[in-house]
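Student: Sharing a structure below in structure tokens format, with a few things to ask.
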Amino acid sequence: MSPSDHESGSLPPPQDPARRRFLSATAVAGLAGAGLSLGLAACKKSDTAGAAGPAVAASGKVDYSKYEVPPGQLDTYYSFSSGGHSGEVRIYGMPSGRLFKRIPVFNMDCLVGWGVTNESKAILGTRPDGSPKYTTGDTHHVHPSYTNGTYDGQHIFVNDKIHGRLARIRLDTMECDKITELPNVQGFHGVFPDKRDPVDAKINHTTRVFCGMEFHTPQPNDGRDMDDPKKYFCLFTCVDAQTMEPRWQVKVDGNMDLVATSYDGKLACSNQYNTEGGVHYEDMMSAERDSCVFFHIARIEEAVRQGKTFTIGTSKVPVVDGTQAANSDPKTALTCYVPVPKNPHGVNASPDGKYYACSGKLSPTATLIDHALVLQWFDGQLKTPRDTVVAEPEIGLGPLHTAFDGRGNAYTTLFLDSQIVKWNLEAAKKAFQGDKTAQAVVDRIDVQYQPGHGFTSMGETREADGKFFLSDNKFSKDRFLPVGPLHPESSQLIDISGDKMVLVADHSVYSEPHDSIIVRRDIIKTRQIYDLSDFPNATTKVQDCRLERQGKKVTIHLTSQAPAYGLREWKVKKGDEVTIILTNIDKVEDLTHGFAIPKYNINFIVNPQETKSVTFIADKPGVYWCYCTNFCHALHLEMRSRMMVEA
Ligand code: K7E
Ligand code: CUA
Ligand code: CA
């Protein structure tokens, strides 16, 4: 796709509909070269110039100003977005597309001091020498905690694909407070919190987080069985949302990709593109069908309670057997493997709680699975797992992810076609039952280009409002000023409130967002400043600033208050282990100070009423000006203290 576009050197102008055909033709040619045959059946019509969209005049012109946020006014939504291989999470305003904040999670960040301060290292985990265990991350999916089927503003959970870690972010401070490394997991991809308890009707909020595993490995992965891929397997992990400790794991056949959960708490599911258990891509797409595997949460927890478990390697987390061979009787099965067309990508639950949409990726279809029918299968009322499928419309090439508007329509990203396709669930069901007059696809719109995830405002909650769709695209090519070989990605805002989708804004985003969620702003309640009493090691008054020495260990208790630190200078000896505990005693909202020590690799900020600490060996004699990095006062440049290290 893109490489050949660039080689051709003569792209048609952006709005030329011929370009879309060009893109999909080359993309398909590229895939065919990889030994793949695609059913090129899907729809090619591209009449996107809307007439019924709310901001479209009779002339067909879109009134873009309706989607701008004028100076001094606030956005109506937050968008929380994963940062991909940047390892972070980002917060944008919608519809403006303004970037508000980058939350370091699995990455180092020298503004905040993430990976620098003792507190962040304690969350990240450290090596014996005190350095962070990992300094890379790969965040794909962000999902907040739920109460009553909608966001409760408590936490966001995000995966780290590369090192198999789950992180939690507090939504009052928008900072990461816990990271858990999943045992025996490689390629942790899909993540989704549960929406309520499967058994206790009184528990209507998130208590578990479910984690899929994409890369099957020998278990434990300690050098055994490397040449025998038949022995490799994957684990589906349940993490306690409160303690962030893994509760249990399920051994599954095949790999797992994305994860979705039901609104009644009873089921979680994951689409699987490599049920073949292949180790090369040709093997991974050899079967005509893969699966969407469903997990019966209450039965799994009962099996764990009864001790029908085993453990792997040094991990103490109980594992139950969820393979097909061990679960042939539906009435006792822990898992149900629903066959779907080959190599699906993405599974999403509809806001009415009734369906899961599984995108075809290598098949031009989406598969709609009925939640109630899956439960009936587990009750032994259906012949085969495939009987849970209620629709499978042809929607276009390269379907990846689906979002919903709460009015019975689904919006699926088409990676190869560079389109968003809108399809109606009831019409798709009728067509599946043989009604020749039923048309599942109701609209499609070009996006620029190759969309990955798409998501709707509040679309993963019962409060889906059907107003906006954001398309996070993998290629932006000519949509922005060129900035060298690495292009920004594009995030395109589409108004979905009318019958026709209307593209209303192009936002640029730094590589590489995967998934995002759009949250109504009234749900988010943040703190204005920190609370000194949350930090037992805080220095609350300038007079309490001091140097304490115990042998070679030196602790500096320090405050910051514009425009000075509580100590103007201090002396330590070469070889001392120095800990600086810095409390920002300024109370003014937004009055953040920084603290940097040249040549000692120390750089972090303290927000109002916050305390942070750093520890280092004073191994370089001399004078080091510790200075404020965060512009705070007219005397910001003068805000510095002298650290003298005696030889
Ligand atoms: Cu499609 Cu990791 Cu959600 Cu990327 S995955 S796009
Ligand atoms: Cu304190 Cu700048
Ligand atoms: Ca496959």
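Student: With the condition kept exactly as written, say whether any residue in segment 283-291 is at negative phi and more than 10 Å from ligand 3 (Cβ to nearest atom). Step through it out loud before you land on a result.
Tutor: Step one: list which residues in segment 283-291 are at negative phi, which gives 283-291.
From what's left, more than 10 Å from ligand 3 (Cβ to nearest atom): none.
Among the residues of segment 283-291, not one is at negative phi and more than 10 Å from ligand 3 (Cβ to nearest atom), which makes the answer no.
Student: Only residues that are among the basic types (Lys, Arg) and either within 16 Å of ligand 3 (Cβ to nearest atom) or over 20 Å from Gly322 (Cβ atoms) (or both): list them for segment 185-212, please.
Tutor: We begin by selecting, within segment 185-212, every residue among the basic types (Lys, Arg); these are 195-196, 202, 208.
Selection gives Lys195, Arg196, Lys202.
Student: Check Asn348 against each of (1) within 15 Å of Arg386 (Cβ to Cβ); (2) part of a strand (DSSP E or B) and name the one condition it does not meet.
Tutor: Every listed condition holds for Asn348 apart from (1).
Student: In segment 543-581, which residues are hydrophobic (A, V, I, L, M, F, W, C) and either out of contact with any Phe, Trp or Tyr (no Cβ under 9 Å at 6 or more places or on another chain) or in a strand (DSSP E or B) (or both)? Steps first, answer last, please.
Tutor: As a first pass, look at segment 543-581 and keep what is hydrophobic (A, V, I, L, M, F, W, C): 545, 547, 554, 556, 558, 562, 564, 567, 570, 572, 578, 580-581.
Passing the criteria: Leu547, Val554, Ile556, Leu558, Ala562, Ala564, Leu567, Trp570, Val572, Val578, Ile580, Ile581.
Student: On to the next question. So how many residues does segment 166-199 have that are in contact with a helix residue (DSSP H, G or I) (Cβ under 9 Å, 6 or more places away or on another chain) and without any contact (Cβ under 8 Å) to a residue 60 or more places away in the chain?
Tutor: Within segment 166-199, residues that are in contact with a helix residue (DSSP H, G or I) (Cβ under 9 Å, 6 or more places away or on another chain) and without any contact (Cβ under 8 Å) to a residue 60 or more places away in the chain number 1.
Student: Name the residue, out of Val199, Val209, that is part of a strand (DSSP E or B) and either out of contact with any His (no Cβ under 7 Å at 6 or more places or on another chain) or surrounded by fewer than 23 Cβ atoms within 10 Å (Cβ to Cβ) (or both).
Tutor: Numbers: Val199 fails: part of a strand (DSSP E or B).
Val209 is the lone residue from the list that is part of a strand (DSSP E or B) and either out of contact with any His (no Cβ under 7 Å at 6 or more places or on another chain) or surrounded by fewer than 23 Cβ atoms within 10 Å (Cβ to Cβ) (or both).
Student: What's the total number of residues in segment 213-260 that are closer than 17 Å to Ser315 by Cβ and among the basic types (Lys, Arg)?
Tutor: Result for segment 213-260: 3.
Student: Still on this structure, I have one more. Filter segment 351-366 for residues that are under 15 Å from Val389 (Cβ atoms) and part of a loop (DSSP other than H, G, I, E, B); which is nearest to ligand 1 (Cβ to nearest atom)? Quick ask: steps written out before the conclusion?
Tutor: Start the filter on segment 351-366 by keeping residues that are under 15 Å from Val389 (Cβ atoms), which leaves 354-360, 363, 365-366.
Filter once more, so that each one left must be part of a loop (DSSP other than H, G, I, E, B): 354, 360, 363.
Working: Lys354: 23, Gly360: 13, Ser363: 16 Å.
The qualifying residue nearest to ligand 1 (Cβ to nearest atom) is Gly360.
Student: Of all residues being under 42 Å from the mean Cα position of the chain (by Cα) and surrounded by fewer than 19 Cβ atoms within 10 Å (Cβ to Cβ) in segment 546-560, which is farthest from Ala647 (Cα to Cα)? Just the residue, please. Give the steps one after another, and end with the answer.
Tutor: Keep residues of segment 546-560 that are under 42 Å from the mean Cα position of the chain (by Cα), which gives 553-560.
Filter once more, keeping what is surrounded by fewer than 19 Cβ atoms within 10 Å (Cβ to Cβ): 553, 555.
Working: Lys553: 16, Thr555: 19 Å.
Among those that are under 42 Å from the mean Cα position of the chain (by Cα) and surrounded by fewer than 19 Cβ atoms within 10 Å (Cβ to Cβ), it is Thr555.
Student: Quick check on Glu302: is it within 16 Å of ligand 3 (Cβ to nearest atom), part of a helix (DSSP H, G or I) and surrounded by fewer than 23 Cβ atoms within 10 Å (Cβ to Cβ)?
Tutor: The answer is no for Glu302.
Student: Moving to a separate point now. Please go through segment 493-520 and give me each residue that is part of a strand (DSSP E or B), among the acidic types (Asp, Glu) and farther than 25 Å from Pro144 by Cβ, ordered by number.
Tutor: Restricting attention to segment 493-520, the residues satisfying the condition of being part of a strand (DSSP E or B) are 493-495, 502-509, 516-520.
Keeping just the survivors that are among the acidic types (Asp, Glu) gives 495, 506.
Passing the criteria: only Asp506.
Student: Name the pairs: first residue in segment 251-268 and farther than 20 Å from Met213 by Cβ, second residue crowded, with 22+ Cβ neighbours inside 10 Å and small (Gly, Ala, Ser), Cβ to Cβ under 8 Å, at least 6 apart or on different chains?
Tutor: Here the result reads Ser262/Ala268; Ser262/Ala349; Tyr263/Ala349, each pair linking segment 251-268 to a residue that is crowded, with 22+ Cβ neighbours inside 10 Å and small (Gly, Ala, Ser).
Student: Count, please, the residues in segment 482-538 that happen to be more than 26 Å from the chain's Cα centre (by Cα) and small (Gly, Ala, Ser).
Tutor: Residues in segment 482-538 being more than 26 Å from the chain's Cα centre (by Cα) and small (Gly, Ala, Ser): 4 in total.
Student: Moving on. What number of residues within segment 344-383 are modelled with pLDDT under 95 and touching an Asp or Glu at 6+ places or on another chain (Cβ under 7 Å)?
Tutor: Summing the residues that are modelled with pLDDT under 95 and touching an Asp or Glu at 6+ places or on another chain (Cβ under 7 Å) in segment 344-383 gives 0.
Student: For residues that are within 22 Å of Ala122 (Cβ to Cβ) and hydroxyl-bearing (Ser, Thr, Tyr), scanning just segment 600-647, find the one that is farthest from ligand 2 (Cβ to nearest atom).
Tutor: Among them, the one singled out is Thr615.
Student: Need the failing condition index for Ile369 against (1) more than 16 Å from ligand 1 (Cβ to nearest atom); (2) in a loop (DSSP other than H, G, I, E, B); (3) closer than 21 Å to Asp515 by Cβ, just the number.
Tutor: (2)
Student: Look at Ala410 and say whether it is in contact (Cβ under 8 Å) with a residue 60 or more places away in the chain, touching a helix residue (DSSP H, G or I) at 6+ places or on another chain (Cβ under 7 Å) and more than 16 Å from ligand 3 (Cβ to nearest atom).
Tutor: Working: in contact (Cβ under 8 Å) with a residue 60 or more places away in the chain: yes; touching a helix residue (DSSP H, G or I) at 6+ places or on another chain (Cβ under 7 Å): yes; more than 16 Å from ligand 3 (Cβ to nearest atom): yes.
It is true that Ala410 is in contact (Cβ under 8 Å) with a residue 60 or more places away in the chain, touching a helix residue (DSSP H, G or I) at 6+ places or on another chain (Cβ under 7 Å) and more than 16 Å from ligand 3 (Cβ to nearest atom).
Student: A further question on this structure: Scanning for something more than 20 Å from the chain's Cα centre (by Cα) and under 21 Å from Thr243 (Cβ atoms), does segment 151-173 turn up at least one residue?
Tutor: Residues of segment 151-173 more than 20 Å from the chain's Cα centre (by Cα): none.
Looking through segment 151-173, none of the residues is more than 20 Å from the chain's Cα centre (by Cα) and under 21 Å from Thr243 (Cβ atoms).
Student: Find all pairs meeting these conditions: Cβ atoms under 8 angstrom apart; at least six residues apart or on different chains; first residue within segment 617-641 and touching a residue at least 24 places away in the same chain (Cβ under 8 Å); second residue part of a loop (DSSP other than H, G, I, E, B) and β-branched (Val, Ile, Thr).
Tutor: Close Cβ pairs satisfying both conditions: Asn630/Thr592; Cys632/Thr592.
Student: Which residues, counting only those in segment 371-430, are surrounded by fewer than 24 Cβ atoms within 10 Å (Cβ to Cβ), over 15 Å from Asp352 (Cβ atoms), of a type in the set (S, T, N, Q) and under 27 Å from the mean Cα position of the chain (by Cα)?
Tutor: none
Student: Can you tell me which condition Ile162 does not meet? The list is (1) surrounded by fewer than 23 Cβ atoms within 10 Å (Cβ to Cβ); (2) in contact with a helix residue (DSSP H, G or I) (Cβ under 6 Å, 6 or more places away or on another chain), and all the others hold.
Tutor: So the condition that Ile162 fails would be (2).
Student: Please determine, by comparing only the residues of segment 243-282 that are within 16 Å of ligand 3 (Cβ to nearest atom) and of a type in the set (Ser, Thr, Tyr), which one is surrounded by the most Cβ atoms within 10 Å (Cβ to Cβ). Explain how you work it out, then say what you get.
Tutor: From segment 243-282, those within 16 Å of ligand 3 (Cβ to nearest atom) are 252-258, 270-282; that's our starting set.
Within this subset, residues satisfying the condition of being of a type in the set (Ser, Thr, Tyr) are 270, 273, 275, 281.
Details: Ser270: 29, Tyr273: 24, Thr275: 22, Tyr281: 13.
Looking at residues that are within 16 Å of ligand 3 (Cβ to nearest atom) and of a type in the set (Ser, Thr, Tyr), I get Ser270.
Student: Next question, about the same structure. Of the residues that sit in segment 466-488 and are closer than 27 Å to Val441 by Cα and either among the polar types (S, T, N, Q) or free of Cβ contacts under 8 Å to residues at least 60 places away in the same chain (or both), which one is surrounded by the fewest Cβ atoms within 10 Å (Cβ to Cβ)?
Tutor: Ranking the candidates gives Ser476 first.
Student: Another question, then. Being farther than 30 Å from Asn204 by Cβ and either buried (at least 22 other Cβ atoms within 10 Å of the Cβ) or within 16 Å of ligand 1 (Cβ to nearest atom) (or both) is true for just one of Thr117, Thr126, Thr139, Thr135. Which residue is that? Before the answer, list the steps.
Tutor: Details: Thr126 fails: either buried (at least 22 other Cβ atoms within 10 Å of the Cβ) or within 16 Å of ligand 1 (Cβ to nearest atom) (or both); Thr139 fails: farther than 30 Å from Asn204 by Cβ; Thr135 fails: either buried (at least 22 other Cβ atoms within 10 Å of the Cβ) or within 16 Å of ligand 1 (Cβ to nearest atom) (or both).
That would be Thr117, the only listed residue that is farther than 30 Å from Asn204 by Cβ and either buried (at least 22 other Cβ atoms within 10 Å of the Cβ) or within 16 Å of ligand 1 (Cβ to nearest atom) (or both).
Student: Another question, then. Mind checking which pairs have a first residue in segment 424-436 that is basic (Lys, Arg) and a second that is assigned to a strand (DSSP E or B), Cβ under 8 Å, 6 or more apart or different chains?
Tutor: Taking only residues 6 or more apart or on different chains, the pairs are Lys429/Leu368; Lys429/Val390; Lys429/Ala391.
Student: Let me ask something additional. On the given criteria, is Asp129 acidic (Asp, Glu), at pLDDT below 95 and outside any strand (DSSP E or B)? Explain how you work it out, then say what you get.
Tutor: Working: acidic (Asp, Glu): yes; at pLDDT below 95: yes; outside any strand (DSSP E or B): yes.
Here the answer is yes, as Asp129 does meet what is asked.
Student: Exactly one condition in (1) of a type outside the set (Asp, Glu); (2) buried (at least 16 other Cβ atoms within 10 Å of the Cβ); (3) free of Cβ contacts under 8 Å to residues at least 12 places away in the same chain is not met by Pro536; state its number.
Tutor: With (1) of a type outside the set (Asp, Glu); (2) buried (at least 16 other Cβ atoms within 10 Å of the Cβ); (3) free of Cβ contacts under 8 Å to residues at least 12 places away in the same chain applied to Pro536, the lone miss is (2).
Student: For Asp283, which of the numbered conditions (1) outside any strand (DSSP E or B); (2) touching a residue at least 24 places away in the same chain (Cβ under 8 Å) fails to hold?
Tutor: (2)
The values are calculated or read from the model by the stated rules, or taken from the named source; none is laboratory data. Quick caveat: nothing in here was measured; it's all calculated off a predicted structure. Ideal geometry is used to build each Cβ from the backbone, glycine not excepted, and the neighbour counts take in all protein chains shown.
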